[in-house]
Amino acid sequence: MLNEVSSVPVQQALRHLQTAFGHFFAKRARYPQFRRKDGKQSAEYTTSAFRWDGSALKLA
C-alpha cells in the first residue's frame with residue numbers, strides 16, 4: 001500500500017548513522033550532524049529492495 005513505509009530506507013539510514021558514530025568514536029570524523037526534516041526529500045534503496053518486471057519498477 002502507498003500509506004505503508006518501506007523498511008529498506010529506514011534500515012539504510014540506521015546503517016549510515018552507525019557508520020557515522022563509528023567514525024566519530026574512532027576519532028576519524030566530527031560528531032554526526034542531523035539533517036532537517038523540511039529539506040530535500042530522498043530515499044536510498046539497496047539493490048535487493050527493488051525489482052524490474054519488464055513494465056514496472058517494484059519497490060520493497
Test: residue in region 40-54 that is surrounded by 12 or more Cβ atoms within 10 Å (Cβ to Cβ), modelled with pLDDT under 80 and not in a loop (DSSP other than H, G, I, E, B): yes
Residues within region 1-39 that are modelled with pLDDT under 90 and open to solvent by 100 Å² or more (accessible area, probe 1.4 Å), tallied: 13
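The values are calculated or read from the model by the stated rules, or taken from the named source; none is laboratory data. Note that the structure is a prediction, hence the values are computed from the model and not measured. Backbone-built Cβ (ideal geometry, glycine too); neighbour counts: all protein chains shown. Please note that ligands, DNA and RNA were not included when accessible areas were found on the heavy atoms of the full protein model with its side chains. Shrake-Rupley method; radii C 1.70, N 1.55, O 1.52, S 1.80 Å.
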